[in-house]
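The values are calculated or read from the model by the stated rules, or taken from the named source; none is laboratory data. All of these numbers come straight from a predicted model, not from anything done at the bench. Cβ atoms come from the backbone with ideal geometry, glycine included; neighbour counts cover every protein chain shown. Note: accessible area is taken over every heavy atom of the protein model, side chains too, but ligands, DNA and RNA are not part of it. Shrake-Rupley method; radii C 1.70, N 1.55, O 1.52, S 1.80 Å.
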Amino acid sequence: MKSSIAIIFIVFVTIYGYCGDAQSAGLSDGGDFQVLKNPPKANDLQMAMADGGTVNLSDLKGKVVLLNFWRKNCQYCDMEKGYLKYLAKTINSNDLKVICANFWDPPSWVKSYAGKNGENLTIAAKPEGKRGVIENVVKGRIMGYYILNDANEAIYEVKGFPTTYIIDKSGNVVASHLGMAKWTTPGVKNWLAGLLGKPSFTQANIDNGPEWLEKLMLGQLKKGNF
């Protein structure tokens, strides 16, 4: 990596079910969420919209944001969008923003895709003329990518596709997921409802916090508890 690239924020995630460059590998059941005990502030990122405008991640403070990185020809990315669309529809909250950002394929293609597949989602591309992404190459092998900001700083790590960062209303990255997540499972929906300040989708007294989600994903809660 060139010396001009400063890595200012990296969240490490477990590799489980992602679309690699050469081939697809595995399929996650949605259980490999990395919940952060000390959530860092989300770094700002500018993205291009299908209508020709731009949106900055910092403009969305006060909303829960699912920042989902994907690319063309990733079957799990396409499959996951079905879950994300259903999630957005069932939660039905203006405080939830699902952004599917593709910084790898031409912005013109991404914008065209958005016109046909953007229901309940915000499909974003890298701004025209911006580098957007740098490869993480180790001993000649591509290990993933870093998303770059306007200052040419690496601010988000993408080890495979899809990769998602979950940002709370305060603008903190509270969790991440590598691979296709089943966003419609009760545990995930209830946790997101908690971030949104909404009642859970099952028991009214459920603990919707990250600690609860982490226990659920680790199999420390029995099915009768959620």
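A few remarks follow.
- Subset of the stretch 172-190 that is at pLDDT below 90 and open to solvent by less than 10 Å² (accessible area, probe 1.4 Å) - its residue that is nearest to Ser93 (Cα to Cα): Asn190
- Where strands (runs of 3 or more DSSP E) fall entirely within the stretch 117-189, those with at least 2 residues that are closer than 21 Å to Glu80 by Cβ and among the polar types (S, T, N, Q) are at 163-167.
- For Asn73, the conditions (1) open to solvent by 60 Å² or more (accessible area, probe 1.4 Å); (2) at negative phi are fulfilled apart from (2).
- As for the stretch 88-98, it holds at least one residue that is crowded, with 21+ Cβ neighbours inside 10 Å, within 30 Å of Gly197 (Cα to Cα), within 16 Å of the chain's Cα centre (by Cα) and not basic (Lys, Arg).
- Where Gly129 falls short, out of the listed (1) over 19 Å from Asn56 (Cβ atoms); (2) loosely packed, with under 12 Cβ neighbours inside 10 Å; (3) not hydrophobic (A, V, I, L, M, F, W, C): (1)
- Thr202 at pLDDT below 90 and either out of contact with any strand residue (DSSP E or B) (no Cβ under 8 Å at 6 or more places or on another chain) or not in a loop (DSSP other than H, G, I, E, B) (or both): yes
- Pairs, first closer than 13 Å to Ala114 by Cα in the stretch 37-57, second part of a loop (DSSP other than H, G, I, E, B), C-beta under 7 Å, six or more apart: Ala48/Lys126; Ala48/Pro127; Ala48/Glu128; Ala50/Gly118
- Filtered by the rule that a residue be over 18 Å from Leu195 (Cβ atoms), in a helix (DSSP H, G or I) and of a type outside the set (Gly, Ala, Ser), the stretch 50-85 gives Asp59, Gln75, Tyr76, Cys77, Asp78, Met79, Glu80, Lys81, Lys85.
- Matching entry among Leu84, Leu121 (being closer than 15 Å to Met47 by Cβ and either under 18 Å from the mean Cα position of the chain (by Cα) or at pLDDT below 95 (or both)): Leu121
- Which listed residue, of Asp59, Asp51, Asp78, Asp95, is in contact with a strand residue (DSSP E or B) (Cβ under 9 Å, 6 or more places away or on another chain) and at pLDDT 55 or above: Asp95
- For the stretch 14-25, the candidate set comprises residues that are open to solvent by 40 Å² or more (accessible area, probe 1.4 Å) and within 25 Å of Leu192 (Cα to Cα); within that set, the residue that is modelled with the lowest pLDDT is Ile15.
- Search result, residues across the stretch 99-116 that are outside any helix (DSSP H, G or I) and open to solvent by less than 70 Å² (accessible area, probe 1.4 Å): Ile99, Cys100, Ala101, Asn102, Phe103, Trp104, Asp105
- Against the test of being open to solvent by 10 Å² or more (accessible area, probe 1.4 Å) and in contact (Cβ under 8 Å) with a residue 40 or more places away in the chain, the options Met143, Met79 yield a single qualifying residue, Met79.
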